[in-house]
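Each remark here refers to the structure printed beneath this line.
Here, each number is a calculation from the coordinates, and none is a lab measurement. Quantities reported herein were computed from a predicted structural model and do not represent experimental measurements. No Cβ is skipped: glycine too gets one built from the backbone with ideal geometry, and neighbour counts run over all protein chains shown.
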């Protein structure tokens with residue numbers, strides 16, 4: 001799965017990762033998934049911690065905005081992004 005490859009060790013990851021949720025919920029191209037992973041890694045580095053679902057979701061939200069897509073609550077489920 002591309003999500004797993006883009007967010008694989010040695011990248012430090014939090015325990016609550018649910019990449020199957022990401023694969024099921026977000027229709028993104030390979031390049032967009034890579035952009036989400038890079039964004040999540042930078043956000044985690046800025047916070048000084050591992051990449052968590054919060055950073056992945058923030059990355060998806062940012063990618064959606066770049067693509068001109070709406071951030072819809074039904075796609076994000078319990079992982080609705082907080083504004084950054």
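The set of residues in the range 44-72 being closer than 22 Å to residue 10 by Cβ, free of Cβ contacts under 8 Å to residues at least 24 places away in the same chain and in contact with a helix residue (DSSP H, G or I) (Cβ under 6 Å, 6 or more places away or on another chain) consists of 55 alone.
Any chance the range 15-35 includes a residue that's in contact with a strand residue (DSSP E or B) (Cβ under 7 Å, 6 or more places away or on another chain), surrounded by 12 or more Cβ atoms within 10 Å (Cβ to Cβ) and either farther than 21 Å from residue 66 by Cβ or free of Cβ contacts under 8 Å to residues at least 60 places away in the same chain (or both)? Looking for residues that are in contact with a strand residue (DSSP E or B) (Cβ under 7 Å, 6 or more places away or on another chain), surrounded by 12 or more Cβ atoms within 10 Å (Cβ to Cβ) and either farther than 21 Å from residue 66 by Cβ or free of Cβ contacts under 8 Å to residues at least 60 places away in the same chain (or both), one finds none in the range 15-35, hence no.
Going by the structure shown, is residue 58 surrounded by 20 or more Cβ atoms within 10 Å (Cβ to Cβ) and on the phi < 0 side of the Ramachandran plot? Spell out the reasoning first.
Details: surrounded by 20 or more Cβ atoms within 10 Å (Cβ to Cβ): yes; on the phi < 0 side of the Ramachandran plot: yes.
Judged against the criteria, residue 58 is a match.
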